[in-house]
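Enquirer: So that we are looking at the same thing, I have put the structure below in structure tokens.
Just so it is clear, none of the values below were taken in a lab; they were calculated from the coordinates. Since we're looking at a predicted model, the values are computed, not measured. All Cβ positions, even for glycine, are placed from backbone atoms using ideal geometry, and neighbour counts span all protein chains on display.
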Amino acid sequence: MPEVTIANLSKKFAATTVLHGIDLTIEDGEFFTLLGPSGCGKSTTLSCIAGLEKPTTGSIAVGDRTFVDIAANTFVPPEGRNLGMVFQSYALWPHMTVAQNLALPLKIRKVDKQQKQSLIDDALDKVGLLHLKDRYPHQMSGGQQQRVALARALVYSPTVLLLDEPLSNLDAQLREQARTWLKRLQSELGITTVYVTHDQEEALALSDRIAVMQEGEMVQVGTPTEIYQEPATAGVAAFVGRCN
Ligand code: ADP
Ligand code: MG
């Protein structure tokens, strides 16, 4: 059974349609990337999965849970979806320590105190930052802050991880390192991941499968090898070809 099932997903902002009836399935444990130029609808797709935007038509299910189905008038709000999210601006609370930043989503979920500590330690251990749990965000590098943001997204054991250009605020060298540990962590945890990027090199390096998006449509879905070696359109070829 696919982990994420998206059917006939479209989204209009006022008179402008930015997603045009997308159908997509993402398998359990897959590292799946939405790749495309700025403005093609990647973040909107992710926001619809997260429940931050309500689609105009269509449905989205994770496992056997329907999160949204416009025809059936079903809409589960973001806090009911148990998804982990990291966005480009990772926005840790500046006045809270690392441990306090991770405690917040657990508090919202009413996790008891004792369990809270072990979940926090466990999540920080996964990203290799347990020793920094009493630091404040400004006392850490951008790369470390990004790992804290990831730990915060993992702390309540989400079913799916949604990552929107999470490495784009890092400089080139840090980005390279972050890519490596992100890939290792994802495969160790085996967590289904939907990753958004406009960086074709990053997509080819990280993904099990890639959906290439253009103007609100999925132009091609395939493995990195398929996308790179057998681009479906001249547009896809031009877009992924630039990583040579
Ligand atoms: P991407 O993440 O691929 O850069 P987005 O999903 O952010 O693209 O945006 C797709 C299109 O939808 C863009 O043209 C953008 O301007 C538009 N858009 C996104 N969010 C809104 C919004 N809240 N209101 C109006 N237009 C929006
Ligand atoms: Mg975006």
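Enquirer: Under a Cβ-only charge scheme (Lys and Arg +1, Asp and Glu -1), can you give me the dipole magnitude of segment 68-150 about the Cα centre, in debye to the nearest 20?
Expert: Using Cβ point charges on Lys, Arg, Asp and Glu, segment 68-150 gives about 140 debye.
Enquirer: Counting only helical runs of four or more DSSP H residues, what would the 222 nm mean residue ellipticity of the chain come to if each run contributes -39,500 (n - 2.57) and the total is spread over all its residues?
Expert: -10500 deg cm²/dmol
Enquirer: Quick one: of the DSSP bridges fully inside the chain, what percent are antiparallel, nearest 5?
Expert: For the chain, the DSSP antiparallel bridge percentage is about 55.
Enquirer: In percent, what relative contact order does segment 58-99 have, based on Cα pairs under 8 Å that are 6 or more apart in sequence?
Expert: Relative contact order, segment 58-99: 21 percent.
Enquirer: Explain nothing, just the number: relative contact order of the chain, from Cα pairs under 8 Å at least 6 residues apart, as a whole percent. Mind showing how you got there, number by number?
Expert: Details: 455 pairs, mean separation 63.3, N = 244.
Reported relative contact order: 26 percent.
Enquirer: Longest segment of the chain with no trypsin sites (Lys or Arg not before Pro) in a DSSP loop having at most 14 other Cβ atoms within 10 Å?
Expert: The longest uninterrupted stretch comes out as 111-241.
Enquirer: Could you go through segment 196-208 in sequence order and give the Karplus-derived ³J(HN,Hα) for each residue, using 6.51 cos²θ - 1.76 cosθ + 1.60 with θ = phi - 60°, rounded to whole Hz, and x for Gly and Pro?
Expert: So the Karplus estimates, Gly and Pro as x, are 10, 7, 9, 9, 5, 5, 4, 4, 5, 6, 9, 8, 7 Hz.
Enquirer: Another question about this same structure. List the GluC sites (Glu not before Pro) within segment 1-77 that fall in a DSSP loop (any state other than H, G, I, E or B) and whose Cβ has at most 15 other Cβ atoms within 10 Å.
Expert: Counting only loop positions with at most 15 other Cβ atoms within 10 Å, the GluC sites (Glu not before Pro) in segment 1-77 are Glu27.
Enquirer: Another question about this same structure. Using the Kyte-Doolittle scale, find the helices of the chain whose mean hydropathy is at least 0.0 and whose Cα atoms extend 15 Å or more along the helix's long axis, counting only whole DSSP H runs.
Expert: Result, helices passing both filters: 98-108.
Enquirer: Quick one: Ser59, Ser207, Ser118, fewest Cβ neighbours within 10 Å first, how do they rank? Don't jump to the answer; show the numbers that get you there.
Expert: Values: Ser59 18, Ser207 23, Ser118 9.
In increasing order of surrounding Cβ atoms, one gets Ser118, Ser59, Ser207.
Enquirer: Lysines near Lys11 by alpha-carbon distance under 30 Å, same-chain residues fewer than 8 away left out - which ones?
Expert: Excluding near neighbours in sequence, the set is Lys42, Lys54.
Enquirer: What is the Cα centroid distance between segment 208-244 and segment 40-84, reported in whole angstrom?
Expert: A separation of 25 Å, based on Cα centres.
Enquirer: Further question on the same structure: Counting Lys and Arg as +1 and Asp and Glu as -1, what is the net charge of the other residues whose Cβ lies under 11 Å from the Cβ of Ile191? Walk me through the intermediate numbers first.
Expert: Numbers: positive: Lys126; negative: Glu3, Asp28, Glu30, Glu188.
It works out to a net charge of -3.
Enquirer: Work from the charge dipole of segment 1-91 (Cβ charges, +1 for Lys and Arg, -1 for Asp and Glu, about the Cα centre) and give the residue of Ile6, Ile49, Gly39 farthest towards its positive end.
Expert: Selected residue: Gly39.
Enquirer: Let me ask something additional. Hey, fewest Cβ within 10 Å first, where do Asp208, Asp23 land in order?
Expert: Ranking Asp208, Asp23 by Cβ neighbours within 10 Å, fewest first, gives Asp23, Asp208.
Enquirer: Extension gain Gln100-Glu176, at 0.36 nm per residue separation less the Cα-Cα distance, in nm?
Expert: Once the chain is fully extended between Gln100 and Glu176, it gains 24.5 nm.
Enquirer: Then there is this: About the Cα centre of segment 88-218, what is the dipole size in debye to 20, counting +1 per Lys and Arg Cβ and -1 per Asp and Glu Cβ, all else neutral?
Expert: Numbers: 15 positive and 16 negative charges, 154 e Å.
With Lys and Arg at +1 and Asp and Glu at -1, about 740 debye.
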